[in-house]
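Below: the structure, in structure tokens.
The values are calculated or read from the model by the stated rules, or taken from the named source; none is laboratory data. Remember, predicted model here, so these are calculated numbers, not experimental data. Virtual Cβ from ideal backbone geometry, glycine too; neighbours counted across all protein chains shown. Surface accessibility is based on the protein's heavy atoms, side chains included, excluding ligands, DNA and RNA. Shrake-Rupley method; radii C 1.70, N 1.55, O 1.52, S 1.80 Å.
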Amino acid sequence: MTIDRSLQEQARALGDPSRHRIFRYVADAGRPVGVAELAAEVALNQNAVRQHLAKLVAAGLLGEAVAPPSGPGRPPLVYEPTPTADSRWGVVGPYERLSRMLATALRTGRSPREVGLDEGRSRTATDGSDAVAVVADVMARDGFDPVLEPSPEGVDVVLRRCPFESTAAIDPATVCALHLGMAEGLAEHVDGLEVLSLETRAPHTSECRLRLRVHGRRDTEDAL
């Protein structure tokens, strides 16, 4: 039997008790976590935590990003599980979330869009995110690889990857309705953010466009 090389690397990375504890804390947090918070949790100095995080990032278990600015000074780095870590190590991955939402729709008889709406309402984004980034942040965590582009109506979140390509190829209407509802649920967290539509493409080509409009405090150029 051949063992996948990435699986071996991830197992080695998680073999250290402190590193495993750091990974589990980040995985269970449901939001990006910073070095200072982790250092307090595992009772290690921040340099030691950074070394452990570097190994987890190198193994493909955690992703590293810069937190949105929240005051003077350089924004800190934050960490969260990568979409490819999936449920192999006890992390709820995109396909597990999809199966849960589909099961809910079947069990309750509710439409995929309604189920997606509840999922979006339950999700959180990085603290300090601007209006459009609230949606883009969660889409990035789910593996959609989003980028923001201006549009005549406001802002498009271009989804450059479909993490559900094989399922969406079979039933695109259901999968896309789930994610339109999820975006609408996320938008309820933010004053002045309106989801206009989800312009879909063939799953294997991706490039679906989630069209957004920002009202009130920020104009759409500020949101980019």
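List of remarks:
- Amide H to amide H distances under 5 Å link residue 162 with no residue, where only residues 5 or more positions off or on other chains count and H is placed in the peptide plane.
- Sequence ranges 146-153, 135-142, ranked by mean other-Cβ count within 10 angstrom, highest first: 135-142, 146-153
- Phi to ³J(HN,Hα) by Karplus 6.51 cos²θ - 1.76 cosθ + 1.60 over the stretch 35-40, Hz, x for Gly, Pro: 5, 4, 5, 5, 4, 5
- Surface accessible to a 1.4 Å probe, per residue, for the residues of the chain, Å²: 52
- Residue ranges 60-67, 103-110, 24-31 sort as 60-67, 24-31, 103-110 when ordered by packing (mean number of other C-beta atoms within 10 Å per residue, highest first).
- The stretch 167-219: GluC sites (Glu not before Pro) in DSSP loop, at most 16 other beta carbons within 10 Å: 188, 207
- Kirkwood hydrodynamic radius over Cα pairs of the chain, then Stokes diffusion coefficient at 4 °C and 1.567 mPa s, in µm²/s: 69
- Scanning residues 5 or more positions from residue 63 or on other chains, those with amide H under 5 Å from its amide H are 80, 82, with H placed 1.01 Å from N in the peptide plane.
- Each residue of the stretch 102-117 was assigned a 3J(HN,Hα) from its phi angle through the Karplus curve 6.51 cos²θ - 1.76 cosθ + 1.60 (θ = phi - 60°); the sequence is 5, 5, 4, 4, 5, 5, 9, x, 7, 6, x, 5, 5, 5, x, 4 Hz, with glycine and proline shown as x.
- Computed extension length for residue 8-residue 204: 67.6 nm, one decimal, from 0.36 nm per residue of separation with the Cα-Cα distance subtracted.
- Rounded to the nearest 10 degrees, the angle from helix 46-58 to the longest Cα principal axis of the chain is 60 degrees.
- Tilt relative to the chain, helix 131-141 - C-alpha long axis, 0 to 90 degrees, to 10: 60
- Prolate/oblate/rounded call for the stretch 98-185, Cα gyration tensor, a/c under 1.5 rounded: prolate
- Assigned charges on the beta-carbon of Lys, Arg, Asp, Glu; the chain dipole about Cα centre (debye): 700
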